[in-house]
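Beneath this line is the structure, given in structure tokens, with notes to follow.
The values are calculated or read from the model by the stated rules, or taken from the named source; none is laboratory data. Keep in mind that this is a model prediction, so the values were computed, not measured. Here the Cβ is made from the backbone with ideal geometry for all residues, glycine too, and neighbour counts use every protein chain on show. Side chains included, ligands, DNA and RNA excluded: accessible areas come from the protein's heavy atoms. Shrake-Rupley method; radii C 1.70, N 1.55, O 1.52, S 1.80 Å.
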Amino acid sequence: MQPRVNIETKRLALVLPSPSMAPRAVAFFAQNRAHLEPWEPPRPSGYYTESWWRERLERGLREFEADLSLRLMLFWRGQPESPVLGTVNFTSFVRGALQACSVGYSLDRNLQGQGLMTEALRGAIPYVFGDLGFHRISAGYLPTNERSGRVLRRLGFVVEGFARDYLYIGGAFRDHVLTALTNPSAMAPRGL
Ligand SMILES: CC(C)(COP(=O)(O)OP(=O)(O)OC[C@H]1O[C@@H](n2cnc3c(N)ncnc32)[C@H](O)[C@@H]1OP(=O)(O)O)[C@@H](O)C(=O)NCCC(=O)NCCS
């Protein structure tokens, strides 16, 4: 079945994944556990199981339908059976006069340094600004996460502040650099 959202870039397909992709999701997160855990909040119990991911992916579809989130997974373009290469999650949707969401992302540890995340976000952002009609995308990162900071700078995200004790990661609330990208050609919000 054709996924509901399928954004293609030169090398990648960004897909709103179906529950049948749960085994590939588990493989990605299990293989990248040590790579991702330093930068992300603690994992809920059951996170590395297929049943947890099947439910998470079902919820992802419902959240998209309800205009609450867009949780994408990255695959090689033109390879439907490709392993999961990474994730790009747009969450915290706020409509009304704000029209904002937040973005978080991860890439397989062995695929870093090839411009794949920059390429993925360059594909996803026009969809989020254009098709979904958002005006602002926020992104926060740990000050020590220089790779993530470089991705955001390349894409034009601007540092807006520094939040002390912002997010619970690695056993403590950690400071974050707060950045955002705004859509210069945004239309007036629908329904206002
Ligand atoms: C953050 C993360 C996605 C960045 O991955 P990345 O590979 O550095 O980012 P990109 O895929 O955009 O690649 C950019 C790098 O590839 C290089 N590159 C090589 N070929 C390239 C190409 N064809 N096009 C663009 N860049 C290319 C760039 O020079 C750049 O290297 P630099 O940052 O040393 O200058 C990755 O490190 C990750 O998954 N980290 C763990 C999770 C995480 O931190 N998430 C974010 C939490 S805020």
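Structure summary
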quantity	calculated
SER92 open to solvent by less than 20 Å² (accessible area, probe 1.4 Å) and either in contact with a strand residue (DSSP E or B) (Cβ under 9 Å, 6 or more places away or on another chain) or within 13 Å of the ligand (Cβ to nearest atom) (or both)	no
Cβ-Cβ under 6 Å pairs, at least 6 apart or on other chains, segment 112-125 side at positive phi, far side near the ligand (Cβ under 7 Å from one of its atoms)	none
Answer residue from segment 113-147, given it is under 12 Å from the mean Cα position of the chain (by Cα) and of a type in the set (A, V, I, L, M) and is farthest from PRO189 (Cα to Cα) among those	MET117
Hits in segment 95-112 - residues which are away from the ligand (no atom under 16 Å from the Cβ) and surrounded by fewer than 13 Cβ atoms within 10 Å (Cβ to Cβ)	GLY96, ALA97, LEU98
Failed criterion for ALA120 (all others in (1) open to solvent by less than 30 Å² (accessible area, probe 1.4 Å); (2) more than 8 Å from the ligand (Cβ to nearest atom) hold)	(2)
Filtered residues of segment 61-78 (kept if touching a residue at least 12 places away in the same chain (Cβ under 8 Å), farther than 15 Å from ILE125 by Cα and more than 16 Å from the ligand (Cβ to nearest atom))	LEU61, PHE64, ASP67, LEU68, GLY78
